[in-house]
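A.B. asks: Once you've had a glance at the structure underneath, I'll fire off some questions.
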Amino acid sequence: MDEPLRHVPVLASSVLAYLAVRPDGTYVDATFGGGGHSRSILERLRGGTLIALDADPQAQERARAIPDPSLHFVRANFRNLTSILAQCGVARVDGVLFDLGVSSMQLDDARRGFSMVKDAPLDMRMNQYAGRSAYDVLAHASERELADIFFDFGEERAARRVARAIVARRREGTLPKTTTDFASLVAGIVHKAGRRERIHPATRIFQALRIAVNEELDALHEGLSAAIDSLRVGGRVVAISFQSLEDRVVKHVLRGDERIDVLTKKPVTPSREEVAENPRARSAKLRAGERRAL
């Protein structure tokens, strides 16, 4: 297996600045991932608490490698934040962080099925032990359902043509079972001859399928709402998104909640220096809000 890239937390200094971490505060890292942001928060705590969440069992293993009594890891999806805090006996928190999308470790591990260029079974589940895989969706969803997924979650103009081709391959018994075979099928439909593509032709379809498999946008709505509910007055919610659909949800939830003062009129983006060090940061957008007294 390829050596994984060194995990570099995105917009780390901005995250700490907008969370305004208090040494004795209670914080939630709703997307532990590689633990980079959690480590930064823990370095600022003195008597405080960090509750870290992640649905990925591999993230739990990485959390065990952090010998800090302030860290409490829960293997769960952040959409269940309200019940998780209740189970932890926590009524109010000082800040919640969301670092959305697929982590570097998930992308680098070919077995997870997130990459278009590393051959693997079509899985794409954040938690490989629960729910439908990407292949299950392709094998059972109707043509219309597939077209809606590709258009709504991937903004792919060729959504209907891709859906039609998938159903045809299904009838023939030749539906692709691996990431590279599926990417090749999609590229053959989406790519326009003679045009140089800025991104891989299958990127939007892969994004859409991943979002559908993990119910990411519904989970984000629920997680953000639960986070705002849990904040004490003056507490903050910070969210980093990597694509327009996520950013739109974050923006609308923060602006649409009368309990929140939006701290970022425009999203915070990484500097050229950070992008040079960590190319995966290039599309990151950070938005933040503070719970006000009503």
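Each value in this text was obtained by applying a stated rule to the coordinates, not by laboratory testing. Since we're looking at a predicted model, the values are computed, not measured. In this analysis, Cβ positions are derived from the backbone assuming ideal geometry, glycine residues included, and neighbour counts consider all displayed protein chains.
A.B. asks: Let's see if you can work this out: charge +1 on each Lys and Arg Cβ, -1 on each Asp and Glu Cβ, no other charges. What is the dipole magnitude of the chain about its Cα centre, in debye to the nearest 20?
C.D. replies: 720
A.B. asks: Relative to the longest principal axis of the chain, what angle (0 to 90°, nearest 10) does the C-alpha long axis of helix 179-190 take?
C.D. replies: It works out to around 70 degrees.
A.B. asks: If you don't mind, another one. Give me the net charge for the shell around T264: Cβ to Cβ below 13 angstrom, other residues only, Lys and Arg +1, Asp and Glu -1.
C.D. replies: Cβ neighbours under 13 Å give a net charge of +4.
A.B. asks: Here's a follow-up. Gaussian network model of the chain, Cα springs within a sub-10 Å range: biggest mean-square fluctuation belongs to which of S133, S271, S14?
C.D. replies: Fluctuation is largest for S271.
A.B. asks: Highest GNM mean-square fluctuation, the chain, Cα pairs closer than 10 Å: which of G234, G223, G256?
C.D. replies: Comparing G234, G223, G256 in a Gaussian network model of the chain, the most mobile one is G256.
A.B. asks: Hey, if you put +1 on the Cβ of every Lys and Arg and -1 on every Asp and Glu Cβ in the chain, which of V233, L286, N80 ends up farthest toward the positive end of that dipole?
C.D. replies: L286
A.B. asks: Under a 5 Å amide H to amide H cut-off, with H placed in plane at 1.01 Å, what residues pair with D56 once short-range neighbours are removed?
C.D. replies: It is none; the list stays empty.
A.B. asks: Straight distance only, please: which aspartates and glutamates reach the Cα of K177 with their own Cα at less than 17 Å, same-chain residues fewer than 8 apart left out?
C.D. replies: Hits, sequence-local ones excluded: D119, D123, D136.
A.B. asks: Roughly what % antiparallel, to the nearest 5, for the DSSP beta bridges in the chain?
C.D. replies: 40
A.B. asks: So, one more: Sum -39500 (n - 2.57) across every DSSP H segment of at least 4 residues in the chain, then divide by the residue count to get the 222 nm mean residue ellipticity, nearest 500.
C.D. replies: Per the formula, -12500 deg cm²/dmol.
A.B. asks: Turning to a different aspect of this structure: Can you tell me the orientation of helix 159-172 relative to the chain, as the angle in degrees between its alpha-carbon axis and the longest Cα principal axis, to the nearest 10?
C.D. replies: Once rounded, the angle reads 60 degrees.
A.B. asks: Helix 203-214 versus the longest principal axis of the chain: what is the Cα-based angle in degrees, 0 to 90, to the nearest 10?
C.D. replies: Long axis of 203-214 versus the principal axis of the chain: about 60 degrees.
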